[in-house]
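To start, the structure itself, in structure tokens.
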Amino acid sequence: MTDHTSQAELVRRSLKRRYRKERRFRAYGIMAIAIALTALITLFTDIVGKGYTGFLKTTVTLEVTMDPDLMYLDDPTDSKQVRMADFVSPLVAAVDDALPGATADDQDALRRLINPYASTELRDALIENPEWMGTTRTMSFLVHSNVDVYVKHKGDAAYSIKLTEQQQSWVDELRERGLIETGFNDVFFTNGDSRDPAKAGVLGAIVGSLLTMIITLVLAFPIGVAAAIYLEEFAPRNRLTDFIEVNINNLAAVPSIIFGLLGLAIFINLFGMPRSVPVVGGLVLTLMTLPTIIISSRAAIKSVPPSVREAAEGIGASKMQVVLHHVLPLALPGMLTGSIIGMAQALGETAPLLLIGMVAFIVEVPEGFFDAATVLPVQVFLWAGSPELAFIERASAAIMVLLAFLMTMNAMAIWLRKRLERRW
């Protein structure tokens, strides 16, 4: 009886120890998830906190008088006169009229309240509407980047205000009168890069990223799938295929900058292809993405039950028919999922694209695969390293756009997997 009692006590103690270990293990798991979520929330909070103002623009509304004597312009349709005309003075005069307390000595300070590109906008408006000459029009212009920073971040210690006290008082007065306002920054989504933060946008980088991803997808997906099918279904098992498989697995772990060096040496130096174009960027990212697509595609092919192959062969299907008509359709969801995840990884790469010249300052939006372009990660890199404070919020806003792209691609991968998934 005593032995039986002691054994039962030992079992109870063993169970208690096991249950304590299980509770500790669950607690460790919950703690790990909490740490990961905390880090993720902190990251997104920091990015959104710094970047949401990038989606806002600050404009000033002025009554601009198109005075021929002030502008030295009689005929806006005469290109020679337009080139020699003064489009800054009417803007300064309009700001002067809006601020009755300003004096003649304040002209230079007044000019620095308006965006440097405002004179170009006035010129283009006059060329399109020559009948405006000699009239007064209500027009809205972007403010200077220093004014934009002051309006958005007044009182924020992280931003240094570069306006004088007099200029700050003018801006406050114009804001109280409703002449300076903030609104949705459509310029951010319709312009390419610019030296002036207020005119800088991500459209060029978005189009460049899309063109680069199209090249990557068109090349990497069929080549990767074909290689996976051959290695998994047709290749003989010998030292050569073992060597190829080992190197494919090793290439998946190679740092991305190595692929940039390879692209620089082969595509640019050897074949003489132009720098900073989507086609070269797509070729480099294809090389980088291929190992991931091949590995994921082979895993998808292995997941197809052998009974599917045996049933197809049993009714007389050839090896090619078995693969194309039965194995490939069943493995396609996994192939697509792996390919999209590989494309999402390629979209966020910066190092290989820097080496092939996609770090260039590109103002125009690319129209083709051989036009000079940049991509979103490189655009973030350029803006984050700019000394202009206004570019910091543009960089954070561009990061938010890039994250939206990545989340969309991952969501698409999940949707395709659920949509095409077959159960057996």
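The values are calculated or read from the model by the stated rules, or taken from the named source; none is laboratory data. Here the structure is a predicted model, which is why all the values come from computation and not from measurement. Cβ atoms come from the backbone with ideal geometry, glycine included; neighbour counts cover every protein chain shown. The protein model used for the area step is the full one, side chains on, heavy atoms only, and it has no ligands, DNA or RNA in it. Shrake-Rupley method; radii C 1.70, N 1.55, O 1.52, S 1.80 Å.
Could we say that P274 is open to solvent by less than 50 Å² (accessible area, probe 1.4 Å), in contact (Cβ under 8 Å) with a residue 12 or more places away in the chain and either within 21 Å of Y230 (Cβ to Cβ) or not basic (K, R) (or both) here?
No, not satisfied.
Need the failing condition index for G348 against (1) surrounded by fewer than 21 Cβ atoms within 10 Å (Cβ to Cβ); (2) out of contact with any Gly (no Cβ under 7 Å at 6 or more places or on another chain); (3) more than 22 Å from I414 (Cα to Cα); (4) not acidic (D, E), just the number.
Going through the list (1) surrounded by fewer than 21 Cβ atoms within 10 Å (Cβ to Cβ); (2) out of contact with any Gly (no Cβ under 7 Å at 6 or more places or on another chain); (3) more than 22 Å from I414 (Cα to Cα); (4) not acidic (D, E), G348 breaks only (3).
What are the residues in region 266-293 that are more than 13 Å from M343 (Cα to Cα) and more than 22 Å from the chain's Cα centre (by Cα), if any?
Listed by number, the residues that qualify are I266, F267, I268, N269, L270, F271, G272, M273, P274.
For region 177-204, what are the residues that are among the hydrophobic types (A, V, I, L, M, F, W, C), assigned to a helix (DSSP H, G or I) and open to solvent by 60 Å² or more (accessible area, probe 1.4 Å)?
Within region 177-204, the first condition is being among the hydrophobic types (A, V, I, L, M, F, W, C), and the residues that meet it are 179-180, 184, 187-189, 198, 200, 202-203.
Narrowing the set further to residues that are assigned to a helix (DSSP H, G or I) leaves 187-189, 198, 203.
Listed by number, the list holds a single entry, F189.
Quick one: what pairs do we get from region 378-400, first residue touching a residue at least 24 places away in the same chain (Cβ under 8 Å), second surrounded by fewer than 24 Cβ atoms within 10 Å (Cβ to Cβ) and outside any helix (DSSP H, G or I), C-beta under 6 Å, 6+ apart or different chains?
What qualifies is V378/T350; V378/V359; F381/T350; L389/Y159.
Give the number of residues within region 177-195 that are basic (K, R) and within 24 Å of G208 (Cα to Cα). Break it down into steps so the answer makes sense when it comes.
Filtering region 177-195 for residues basic (K, R) gives 177, 195.
Among the residues that remain, those that are also within 24 Å of G208 (Cα to Cα) are: 195.
Final tally of qualifying residues: 1.
Please find, within region 291-329, the residue that is farthest from V246 (Cα to Cα) out of those that are among the hydrophobic types (A, V, I, L, M, F, W, C), in a helix (DSSP H, G or I) and open to solvent by less than 30 Å² (accessible area, probe 1.4 Å). Show your work before the answer.
Quick first cut of region 291-329, residues among the hydrophobic types (A, V, I, L, M, F, W, C) only: 293-295, 299-301, 304, 308, 311-312, 315, 317, 320, 322-324, 327-328.
Narrowing the set further to residues that are in a helix (DSSP H, G or I) leaves 293-295, 299-301, 308, 311-312, 320, 322-324, 327-328.
Still in the running and open to solvent by less than 30 Å² (accessible area, probe 1.4 Å): 293-294, 300-301, 312, 322-323, 327.
On the way: I293: 15, I294: 12, A300: 18, I301: 18, A312: 31, V322: 27, V323: 24, V327: 24 Å.
Among those that are among the hydrophobic types (A, V, I, L, M, F, W, C), in a helix (DSSP H, G or I) and open to solvent by less than 30 Å² (accessible area, probe 1.4 Å), it is A312.
Would you mind finding the one in A390, A411, A404 that is modelled with pLDDT under 85, among the aliphatic types (A, V, I, L, M) and exposed (fewer than 14 other Cβ atoms within 10 Å of the Cβ)?
On the way: A390 fails: exposed (fewer than 14 other Cβ atoms within 10 Å of the Cβ); A404 fails: modelled with pLDDT under 85.
Only one candidate passes the filter, namely A411.
Please state which of the following conditions K152 fails to meet, knowing it meets all the rest: (1) modelled with pLDDT of 90 or more; (2) of a type in the set (K, R); (3) under 28 Å from the mean Cα position of the chain (by Cα).
It is condition (1) that K152 fails.
For region 155-176, give me each residue that is open to solvent by 40 Å² or more (accessible area, probe 1.4 Å) and in contact (Cβ under 8 Å) with a residue 12 or more places away in the chain.
Once the filter is applied, which keeps residues that are open to solvent by 40 Å² or more (accessible area, probe 1.4 Å) and in contact (Cβ under 8 Å) with a residue 12 or more places away in the chain, region 155-176 yields S160, I161, K162, T164, Q166, Q168, E173, R175.
What about A118, is it under 29 Å from the mean Cα position of the chain (by Cα), among the aliphatic types (A, V, I, L, M), surrounded by 16 or more Cβ atoms within 10 Å (Cβ to Cβ) and over 30 Å from A404 (Cα atoms)?
Details: under 29 Å from the mean Cα position of the chain (by Cα): yes; among the aliphatic types (A, V, I, L, M): yes; surrounded by 16 or more Cβ atoms within 10 Å (Cβ to Cβ): yes; over 30 Å from A404 (Cα atoms): yes.
Yes: the conditions hold for A118.
Among the numbered criteria (1) more than 23 Å from L336 (Cα to Cα); (2) in a helix (DSSP H, G or I); (3) open to solvent by 20 Å² or more (accessible area, probe 1.4 Å), which one does G263 miss?
(3)
Can you find even one residue in region 338-348 that is at pLDDT 85 or above, within 21 Å of G224 (Cβ to Cβ), over 18 Å from the mean Cα position of the chain (by Cα) and not β-branched (V, I, T)?
Yes, region 338-348 has at least one match.
Check whether at least one residue in region 251-269 is touching a Leu at 6+ places or on another chain (Cβ under 6 Å) and among the hydroxyl-bearing types (S, T, Y), and report yes or no.
No, the conditions are met nowhere in region 251-269.
Any residue that is within 30 Å of V363 (Cβ to Cβ), in the same structural domain as G357 (by TED's automatic domain parsing), assigned to a helix (DSSP H, G or I) and touching a residue at least 12 places away in the same chain (Cβ under 8 Å) - is there at least one of those in region 236-257? Even if it seems obvious, please write down each step before you answer.
Residues of region 236-257 that are within 30 Å of V363 (Cβ to Cβ), as a first pass: 256-257.
From what's left, in the same structural domain as G357 (by TED's automatic domain parsing): 256-257.
Now narrow it down to the ones that are assigned to a helix (DSSP H, G or I): 256-257.
Among the residues that remain, those that are also touching a residue at least 12 places away in the same chain (Cβ under 8 Å) are: 256-257.
Yes.
What helices (runs of 4 or more DSSP H) completely inside region 1-109 contain at least 1 residues that are open to solvent by 60 Å² or more (accessible area, probe 1.4 Å) and under 30 Å from A404 (Cβ atoms)? Before you say what the answer is, go through the steps one by one.
Details: elements: 2-51, 68-71, 79-84, 89-98.
Filter on region 1-109 gives 2-51.
Let me confirm something: among M71, M31, which residue is assigned by TED's automatic domain parsing to the domain that holds V143 and of a type in the set (A, V, I, L, M, F, W, C)? Show your work before the answer.
Values: M31 fails: assigned by TED's automatic domain parsing to the domain that holds V143.
One residue alone meets the criteria, M71.
Which ones in region 199-245 are closer than 30 Å to S145 by Cα, among the hydrophobic types (A, V, I, L, M, F, W, C) and touching a Pro at 6+ places or on another chain (Cβ under 9 Å)? Can you show your working first?
Taking region 199-245 and keeping what is closer than 30 Å to S145 by Cα, we get 199-210.
Still in the list and also among the hydrophobic types (A, V, I, L, M, F, W, C): 200, 202-203, 205-207, 210.
Once the filter is applied, which keeps residues that are closer than 30 Å to S145 by Cα, among the hydrophobic types (A, V, I, L, M, F, W, C) and touching a Pro at 6+ places or on another chain (Cβ under 9 Å), region 199-245 yields A205, V207, L210.
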